[in-house]
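The values are calculated or read from the model by the stated rules, or taken from the named source; none is laboratory data. Not measured: the values here are computed from a predicted model. Every residue, glycine among them, receives a Cβ derived from its backbone with ideal geometry; neighbour counts consider all protein chains shown. Please note that ligands, DNA and RNA were not included when accessible areas were found on the heavy atoms of the full protein model with its side chains. Shrake-Rupley method; radii C 1.70, N 1.55, O 1.52, S 1.80 Å.
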Amino acid sequence: MNNKSLESYLETACASLSYGEALAKLVLAAAKASIELAHLLAKSNLTGDTEKLSNKNVQGEYQMRLDVISNDIFVKAFKASNVVAGIVSEELEDAVIFNIEGNQYPFLVAFDPLDGSSNIAVNGIVGSIFSILPAPIHGAIDAQAFLQAGKSQLAALYVIYGPATMLVISIGNGTQAFTLDAATNTFYLTQANINISPQTSEFAINASNERFWEKPIIRYIAECLDGKAGLRARDFNMRWTASMVADVHRILMRGGVFLYPKDNKQPTKAGRLRLLYEANPMSMLVEQAHGKSSTGRMRILDIQPTEIHERVAVILGSEQEVSLIAQYHQLYDQQKG
Ligand code: AHG
Ligand code: MN
Ligand code: MN
């Protein structure tokens with residue numbers, strides 16, 4: 001095999017970054033922990049770890065045993081890496097600070113340890129998502145330190161546990177995909193400088209929420225469904241896996257548009273997905289692959305977060321479709337105004 005390993009890719013790619021050595025250390029720690037998790041996932045149906053627990057997380061969602069196990073694996077790995085000052089996890093109400101005084105370790109990590117965990121019960125695809133932010137250089141570190149716009153991310157990555165385990169990363173110079181060779185526990189570069197085609201005829205949305213959507217989304221999907229005979233003059237295909245990692249991965253590999261829009265199902269929430277550890281890292285990976293990411297009304301990476309677990313509308317993928325959906329939002333807001 002001539003493919004470059006993750007380790008040797010990082011050695012070269014991080015060489016020009018002032019924080020490069022520490023970043024490589026952090027990514028390799030996440031990669032190693034994800035391999036441990038991949039093994040646990042593979043045998044979870046035998047060990048009984050697929051069980052749903054009776055307690056809810058801060059999101060008000062019932063946890064799976066594997067949500068807790070995967071959270072513990074990554075928290076332990078980040079703490080031991082000695083380059084992470086603190087973490088925010090989907091599964092933990094508060095930020096956890098490893099070195100209270102700050103400025104000792106360069107990074108903060110916000111993460112979703114197990115994305116799409118409802119798929120566990122059906123042996124479906126799940127993933128882990130990580131956003132790497134700079135830690136403040138001066139002063140004490142607390143939850144406030146995580147409230148940085150997504151454009152401040154130093155790196156973003158996810159691991160997808162599918163037929164193959166893959167790690168997809170951007171450190172700000174394109175998006176690269178690595179595939180795990182399970183025989184040697186090594187990730188090898190398999191898709192370099194991913195390029196999301198600007199055009200697509202495939203969309204991903206949970207259509208069962210249609211009655212809760214805003215008008216611009218109803219319009220966009222209706223026009224896709226009209227197919228060849230309609231305004232779009234072509235037939236569209238639809239996919240929905242209920243795992244953002246799996247849906248975004250498909251879009252990075254063959255184009256498409258992913259939508260989890262704002263809806264009035266729970267009007268107090270701005271969307272279903274979480275800004276810090278779902279929307280931001282996925283937006284960086286998509287933008288670095290020449291795609292686009294928006295709430296429909298603004299670029300996701302420009303949002304100034306106000307809470308560590310805040311939610312956001314997410315529309316991302318092929319550039320032309322995301323732009324069209326943003327245009328429909330703009331027209332709708334103008335008419336309403
Ligand atoms: P998580 O399992 O981390 O809570 O995330 C699930 C998310 C996301 O991965 C997916 O796109 C979406 O929720 C699925 O939502 P529906 O259940 O509404 O389809
Ligand atoms: Mn998730
Ligand atoms: Mn999760």
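Side notes on the structure shown:
- Segments 5-17, 54-66, 314-326, 287-299 sorted - mean Cβ within 10 Å per residue, highest first: 314-326, 287-299, 5-17, 54-66
- DSSP beta bridge pairing in segment 202-336, given as percent antiparallel to the nearest 5: 75
- The shape of the chain can be summarised by an equivalent ellipsoid whose semi-axes, obtained from the alpha carbon gyration tensor, come to 31, 22, 21 Å from longest to shortest.
- Mean Kyte hydropathy of -0.5 or more with a Cα span along the axis of at least 20 Å, helices from DSSP in the chain: 20-47, 65-81
- q = 0.15 Å⁻¹: log10 I(q)/I(0) that the Debye formula gives for segment 202-336, counting C-alpha atoms only: -0.68
- Label-point gap, in nm, between S16 and E310 - each point 7 angstrom along Cα→Cβ: 3.3
- Counting every alpha-carbon pair across segment 82-142, the share separated by more than 20 Å comes to 36%.
- Summary of the geometry: segment 156-235 and segment 25-40, compared by the centres of their Cα atoms, lie 23 Å apart.
- A 1.4 Å probe run over segment 140-215, with the rest of the protein chains in place, finds 40 Å² accessible per residue.
- Rounded to the nearest 500, the 222 nm mean residue ellipticity of the chain from helices alone is -10000 deg cm²/dmol, with -39,500 (n - 2.57) taken per DSSP H run of at least 4 residues.
- Taking the protein heavy atoms of the chain in the context of the full set of protein chains, the accessible area attributed to carbon and sulfur is 50 percent at 1.4 Å.
- Segment Q330..R239, full-extension length gain: 30.1 nm, with 0.36 nm per residue of separation and the alpha-carbon distance subtracted.
- Once Rg and the Kirkwood radius are both taken over the C-alpha atoms of segment 220-291, their ratio Rg/Rh works out to 1.01.
- Three principal axis extents of segment 6-191 based on alpha-carbon atoms, in descending order, are 46, 37, 26 Å.
- Efficiency of FRET between K43 and K269 - r from beta-carbon atoms, R0 30 angstrom, step 0.05: 0.25
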